[in-house]
Amino acid sequence: MEGAGVSGDSVDDRLRRWRLVLGGERADGTGVSLTGDDVRMDGALEKLYGGSDEGRSRPGRRSAGLGDSAPSVARWLGDIREYFPSSVVQVMQKDAIERLDLTRLLLEPEMLDAVEPDVHLVGTLLSLNRVMPDRARESARAVVRKVVRDLERRLAQKTRSAVGGALDRSARVLRPRRLADVDWERTIRANLRHYLPEHGTLVPERLIGYGRRQQAVKRDVVLAIDQSGSMAASVVYASVFGAVLASMRSLRTSLVVFDTNVVDLTDQLHDPVEVLFGTQLGGGTDINRAIAYCQGLVTRPNDTIMVLISDLYEGGIRDELLRRVGTLTAAGVQVVVLLALSDEGAPAYDHENAAALAAMGVPAFACTPDAFPELMAAAIERRDLKEWSERQSPS
């Protein structure tokens, strides 16, 4: 437990912390009685975690529950925001939605005004989009808008910097005019036969340099996003990244979402909130149908990056899906498959389809939002994405 064993903590303080963790049953062994704010903290924890793991209370133990009304839940949300840091509040909110079935109450405007906005909450709201009453819709949009703005502040500059640099480096020239434009790694590699061992130096016969970006579109990017329920966080992040990429003049960005149907949301990329409310989380999955549509968007195969974000559970025609991906890669399209674009790592996914794609030279892996800009840079420069993904994985 945080602080336990640190010399600066008193024995009483450590016992108090254990008392809050263990819940105050007779067998907790602390013998500590809570006072003041600790009582309210304990009450907030008890309402969420007081029941057994199976959701049934044990003898002599109070059961968890927040009460079946928006005001009581709103009061609880206010308590946890007052007594716990934001990162803990977000975890408790997510647990409350899952453990205590609060989805229905999230349709109440007063509830939405009380919650701590985060990516998981946005995913839950988007899944309720079709049944959300009008009086709650504007509050829901405010929650989504706040999360989107926070993500844009966190990710936009890093994305523009990484992708812009990759576009510069990918436009190579053989006669760089400035020393700063020389790509030394590739220049050395191209001139190794001119190495002079007696002098310990290499004489470059030709220089390879970086070209400066022009205003013309250098790459086409197609984002195809699986909007099945398990991909909620990925949908949120992908929509934000899509908006950032669409703002770059050197890219032509398209965004397509799919379940058993395919919806092109490219014309809404200027506003990721509109993109998110254009999705319909849940339902089946027809990846083959989505890839067929995306094929029609490809006009410059050698300059196109297609990012498929999906857990690869295919409800359509699997063999046809694999053939389409093979056709795209053979034509020169850089196909990237992300099993998730989220902070949680790889979810459950179809291992057989992932292996089949890997055998075709299209590795499938999870990617965190912080690593996505560098992934796009690697794709633009046509680096080995399998090697790149392995470097990102913790050893």
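The values are calculated or read from the model by the stated rules, or taken from the named source; none is laboratory data. Keep in mind it's a predicted model, so treat the numbers as computed, not measured. Please note: Cβ atoms are built from the backbone with ideal geometry, for glycine as well, and neighbour counts cover all protein chains shown. These area figures cover heavy atoms from the full protein model, side chains too; ligands, DNA and RNA do not enter into them. Shrake-Rupley method; radii C 1.70, N 1.55, O 1.52, S 1.80 Å.
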Please work out if Val275 is surrounded by fewer than 24 Cβ atoms within 10 Å (Cβ to Cβ) and either part of a strand (DSSP E or B) or within 18 Å of the chain's Cα centre (by Cα) (or both). no
Take Met231 and decide whether it is in contact with a strand residue (DSSP E or B) (Cβ under 8 Å, 6 or more places away or on another chain) and open to solvent by less than 40 Å² (accessible area, probe 1.4 Å). yes
Ala243 vs (1) touching a Leu at 6+ places or on another chain (Cβ under 7 Å); (2) part of a loop (DSSP other than H, G, I, E, B); (3) open to solvent by 10 Å² or more (accessible area, probe 1.4 Å); (4) closer than 26 Å to Ala142 by Cα: all pass except (2)
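Do we find a residue being in a helix (DSSP H, G or I), among the hydrophobic types (A, V, I, L, M, F, W, C) and under 18 Å from the mean Cα position of the chain (by Cα) anywhere in the stretch 340-361? Don't jump to the end; show me each part of the working.
Within the stretch 340-361, the first condition is being in a helix (DSSP H, G or I), and the residues that meet it are 351-359.
With the extra rule that they be among the hydrophobic types (A, V, I, L, M, F, W, C), the set shrinks to 354-359.
Restricting the remaining residues to those that are under 18 Å from the mean Cα position of the chain (by Cα) gives none.
No - not one qualifying residue is present in the stretch 340-361.
Does Ala140 satisfy being farther than 28 Å from Met376 by Cβ, open to solvent by less than 20 Å² (accessible area, probe 1.4 Å) and of a type outside the set (Ser, Thr, Tyr)? Outline the logic, then answer.
Values: farther than 28 Å from Met376 by Cβ: yes; open to solvent by less than 20 Å² (accessible area, probe 1.4 Å): yes; of a type outside the set (Ser, Thr, Tyr): yes.
In short, yes.
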Would you pick out the residues in the stretch 278-295 that are part of a helix (DSSP H, G or I), buried (at least 22 other Cβ atoms within 10 Å of the Cβ) and of a type in the set (A, V, I, L, M)? Ile287, Ala290, Ile291
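So that you can scan it fast, the table gives a plain yes or no per residue for (1) among the small types (Gly, Ala, Ser); (2) assigned to a helix (DSSP H, G or I):
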position: Leu102; (1), (2): no, no
position: Leu105; (1), (2): no, yes
position: Glu116; (1), (2): no, no
position: Leu125; (1), (2): no, yes
position: Lys146; (1), (2): no, yes
position: Arg153; (1), (2): no, yes
position: Ala162; (1), (2): yes, yes
position: Thr187; (1), (2): no, yes
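Against the definition (in a helix (DSSP H, G or I), without any contact (Cβ under 8 Å) to a residue 40 or more places away in the chain and open to solvent by less than 60 Å² (accessible area, probe 1.4 Å)), how does Asp168 come out, yes or no? Before the answer, list the steps.
Working: in a helix (DSSP H, G or I): yes; without any contact (Cβ under 8 Å) to a residue 40 or more places away in the chain: no; open to solvent by less than 60 Å² (accessible area, probe 1.4 Å): yes.
So Asp168 does not fit the description; no.
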Test for Asn129: is it open to solvent by less than 20 Å² (accessible area, probe 1.4 Å) and more than 30 Å from Val221 (Cα to Cα): no
Do the conditions hold for Val298, that is, is it surrounded by 15 or more Cβ atoms within 10 Å (Cβ to Cβ), at pLDDT 95 or above, part of a loop (DSSP other than H, G, I, E, B) and in contact with a helix residue (DSSP H, G or I) (Cβ under 9 Å, 6 or more places away or on another chain)? yes
Does Arg40 meet the test of being over 26 Å from Ala136 (Cα atoms), surrounded by 15 or more Cβ atoms within 10 Å (Cβ to Cβ), at pLDDT 60 or above and among the basic types (Lys, Arg)? no
Suppose the filter is of a type in the set (A, V, I, L, M, F, W, C), open to solvent by less than 40 Å² (accessible area, probe 1.4 Å) and at pLDDT 80 or above; does Leu102 pass it? no
Could you run through the stretch 307-343 and say how many residues are out of contact with any Gly (no Cβ under 6 Å at 6 or more places or on another chain) and without any contact (Cβ under 8 Å) to a residue 60 or more places away in the chain? 25
